[in-house]
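Since the structure comes first, as structure tokens, the remarks are kept for the end.
The values are calculated or read from the model by the stated rules, or taken from the named source; none is laboratory data. As the structure is a computational prediction, the values presented were derived from the model and not from experiment. Positions of Cβ are generated from backbone atoms using ideal geometry, with glycine treated the same way; all protein chains shown enter the neighbour counts.
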Amino acid sequence: LGTAVLLGVNWFVYIYGVNTNQIVETSLGYFINPLFNVLLGAIFLKERLNYWQSLALGMAALGVLNFLW
């Protein structure tokens, strides 16, 4: 039930952002979300990334930073 509520809130915020012409901010949130999930996994679940995963994460982070400028 909790997951369904969070997913519903997620879609509501996405649709609200698109309808209020906040497309860039909405898409930026969707680009940052996977990076944030990896960070939370490393902190709370003590997951470790290998070299290639770290490289991919760094490239994705650079892509998000590039999107900001």
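Listed values, structure above:
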item: Residues located in the range 6-43, provided they are under 8 Å from the mean Cα position of the chain (by Cα) and among the β-branched types (Val, Ile, Thr); result: Ile32
item: All positions within the range 40-69 that are surrounded by 12 or more Cβ atoms within 10 Å (Cβ to Cβ), without any contact (Cβ under 8 Å) to a residue 24 or more places away in the chain, of a type in the set (A, V, I, L, M) and under 25 Å from Asn10 (Cα atoms); result: Ala42, Leu57
item: Residue check for Val24: assigned to a helix (DSSP H, G or I) and at pLDDT 90 or above; result: no
